[in-house]
Amino acid sequence: MLVDIQNLRIAFESRSSRFEAVRGISLSLGAEKLGIVGESGSGKSLTARALMKLLPSNAAITADRLSFDGIDVLSASEKQMRQIRGKRAGFILQDPKYSLNPVMNIGRQVSEAWRTHKGGSKKQALEAAIHLLDQVKIRNPREVAASYPHEVSGGMGQRVMIAMMLAPDPELLIADEPTSALDATVQAEILRLIEELVSERNMGLILISHDLPLVSHFCDRVAVMYSGRVMEELKASELLNARHPYTKGLLNCMPSLTHPRDRLPVLNRDASWLTA
Amino acid sequence: MIDVENLRIRFGDREVVKGVSFSVKKGDSFGIVGESGSGKSTILRAMAGLNESWEGRIAFGGEPAALKRPPGFFRRVQMVFQDPYGSLHPRQTIDRILSELPLVHGMDNIDKRIVQALSDVALPQAARFRFPHQLSGGQRQRVAIARALIADPQVLLLDEPTSALDVSVQAEILNLLSDLREARGLTYILVSHNLAVIAHLCGQVGVMLNGEMVEQLSAEDLRAGKTSHAHTTELRTLSVGLEEPA
Ligand SMILES: Nc1ncnc2c1ncn2[C@@H]1O[C@H](COP(=O)(O)OP(=O)(O)OP(=O)(O)O)[C@@H](O)[C@H]1O
Ligand SMILES: Nc1ncnc2c1ncn2[C@@H]1O[C@H](COP(=O)(O)OP(=O)(O)OP(=O)(O)O)[C@@H](O)[C@H]1O
Ligand SMILES: [Mg+2]
Ligand SMILES: [Mg+2]
């Protein structure tokens, strides 16, 4: 088992209050594609960060089990985690541009990610980086390699982050909204690239996304989250026939290109979903 | 309400917007879709007065916009940025972020406006005294939308405003934008990669590829597949393909 999460809880405490953002989540993953969808603020990103031990310092975390490839993340040292992060596990954060170093050009950032893992000369690494940028469909990879994060578009920043995370051939890729700033053609290419890595190199993928049709087409399984809990887990291809009222409600809120509606239905949140 | 004529924008010696023209009537909405990196955000930033090195004509309400905008401009025209994290001051609370424009423009009832703005974008009132990093991605994006709405603008430039939102919150925001347009005659320019979102809110759509607006068509034609440029056709085909069950 690549990832095993049992009864994960994450709370924020201050002098006056306690807020439990993740309330007992269990998920596991092998060499497969798991989608996580659900409410904004339901704890998707926090769950991913917990697995990489990247939670804010004021977060209190407990779990019956939280492991990556048998390594207990809760008791792992910072040194052990550094062996995992960016090497054995790539993590594409939700705000990609803010996880890039603003004062280092893009070519150098991607080539260093490559070089720490694969070695070789700086020149070799830069060529590899340019190849990676090309693989994520950046139009003029050489020019972009020489630019700084503030000089690239939203979707280009996302692709740079993807290139960096794929550089060391990770065993696990956690991708938090990796394609939300990409047009459909580039998105399709990136997903094809990720698919290749999953099937050829047995990589595991956790894909966090608000794009239900995308997850349904691309992933194997999908977990639907609401208010810090997993409401249901189902085969991704079955997502459009989900039975849980929250999932059905979500699907009903989507605008459609082929079936226009004057006004979009909104979700009636049911208090029983909080406890069920 | 909005006229853009032969807009050209360059960075150094690279031209990234190569003569783009479109116009939008008051109370209408114009959608911009297309290739990642094709210049969509750059167009919006120039319109919002955040980039002073452009050529061509940008006019609001028939009035050509000067390179440097007068302060009153920012009350009438507001922009929601693609990367909300970067556009929210990290050391200011949400309360402070939302108060800024109303204070600058000497507006009254600021407290009431903030309460209303938070509820308009479906944020809990508890978010008011948090900092941006204490919110989720979608919650931050909603703060950015609330900040744009709070000063009662006439024109909203929206860059991927719902891409970090789950579809239930997205539906609430899209309905809110429709209602405001109806009630106050707001005019929108909406950039999004989601064709269904674009067609839902916008009557007319422009398609960008490599710095050029290669096609303009109505939302009905986009829905019906009456596209003429290959890029538009491809984007539509992929979008319709995903709408079908897996
Ligand atoms: N540092 C923090 N302090 C206090 N609360 C926080 C902090 N970080 C996150 N939260 C809260 O925890 C909850 C879960 O956040 P998380 O970022 O995991 O949501 P998410 O499911 O990824 O949402 P989105 O789809 O909007 O990105 C949210 O309600 C958020 O406001
Ligand atoms: N400050 C800058 N300096 C140099 N080049 C820039 C700068 N800002 C943007 N560019 C370049 O201009 C082009 C257009 O960028 P823009 O952000 O407008 O694209 P976009 O259509 O919004 O893409 P996306 O859909 O990915 O957000 C890109 O090639 C980008 O690298
Ligand atoms: Mg998130
Ligand atoms: Mg952009």
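We did not get these values from a lab; they are worked out from the coordinates using the rules stated. Computed from a predicted structure; not experimentally measured. So basically every Cβ, Gly included, is an ideal-geometry build from the backbone, and we count neighbours across all protein chains shown.
Here are some notes:
- Gap separating the Cα centres of the stretch B:24-41 and the stretch B:54-121, nearest whole Å: 19 Å
- Size-normalised alpha-carbon gyration radius of chain A, reference 2.2 N^0.38 Å: 1.04
- In terms of distances greater than 32 angstrom between alpha carbons, the cross-link table entries A:Lys87/A:Lys137; A:Lys137/A:Lys248; B:Lys26/B:Lys226; A:Lys44/A:Lys137 yield A:Lys137/A:Lys248.
- Between B:Asn210, B:Gln125, B:Pro84, the Cα set farthest toward the positive side of the dipole of the stretch B:2-243 (charges on each charged residue's Cβ, about the Cα centre) is that of B:Gln125.
- Degrees, to the nearest 10: A:154-166 long Cα axis against longest axis of chain A: 80 degrees
- Nitroxide proxy distance, nm - points 7 Å out along Cα→Cβ at B:Lys68 and A:Glu195: 5.4 nm
- Whether the stretch A:30-139 is rounded, prolate or oblate, judged on the alpha carbon gyration tensor where a/c under 1.5 counts as rounded: prolate
- Neighbours of A:Ile174, meaning other residues whose beta-carbon lies under 14 angstrom from its beta-carbon, give a summed charge of +2 when Lys and Arg score +1 and Asp and Glu score -1.
- Overall form of the stretch B:1-85 per C-alpha gyration tensor (a/c, 1.5; a/b vs b/c): rounded
- Over the stretch B:2-243, Cα pairs under 8 Å with separation of 6+ residues give a relative contact order of 27 percent.
- Inverting the pair-averaged 1/r between distinct Cα atoms of the protein assembly as shown gives 23.7 Å as its Kirkwood hydrodynamic radius.
- For the stretch B:2-243, the Kirkwood hydrodynamic radius comes to 18.5 Å, computed from all pairs of different C-alpha atoms.
- Counting only DSSP beta bridges with both residues in the stretch A:119-270, the antiparallel share comes to about 55 percent.
- For the protein assembly as shown, share of DSSP beta bridges that run antiparallel, in % to the nearest 5: 55 percent
- Here the Karplus curve 6.51 cos²θ - 1.76 cosθ + 1.60, taken at θ = phi - 60°, turns the phi angles of the stretch A:72-81 into couplings of 7, 5, 4, 9, 5, 7, 4, 5, 4, 5 Hz, with x standing for Gly and Pro.
- Note on A:230-240: average number of Cβ atoms from other chains within 10 Å of each residue's Cβ is 1.
- Counting other Cβ atoms within 10 Å as a rough exposure proxy, the listed residues A:Met1, A:Met156 run A:Met1, A:Met156 from fewest neighbours to most.
- Footprinting exposure proxy for A:Asp169, B:Asp28 (fewest neighbouring C-beta atoms within 10 Å first): A:Asp169, B:Asp28
- Chain A - mean residue ellipticity at 222 nm from DSSP helices (-39,500 (n - 2.57) per run, n ≥ 4, rounded to 500): -10000 deg cm²/dmol
- C-alpha center-to-center spacing [the stretch B:149-173, the stretch A:1-26] in angstrom: 30 Å
- The C-alpha atoms of chain A define a longest principal axis, and helix A:184-201 lies at about 80 degrees to it.
- Taking 0.36 nm per residue of separation and subtracting the Cα-Cα distance, full extension of the segment from A:Glu232 to A:Lys248 would add 4.6 nm.
- Percentage relative contact order, the stretch B:82-160, counting C-alpha pairs under 8 Å, at least six apart: 44 percent
- Seen against the Cα atoms of chain A and their longest principal axis, helix A:106-118 is set at about 90 degrees.
- If you wrap the Cα atoms of the stretch A:145-235 in a convex hull and average its projected area over all directions, you get 7.0 nm².
- With neighbour counts taken as other beta-carbon atoms within 10 Å, the residues A:Val37, B:Val191, A:Val144, B:Val104 rank, fewest first, as B:Val104, A:Val144, B:Val191, A:Val37.
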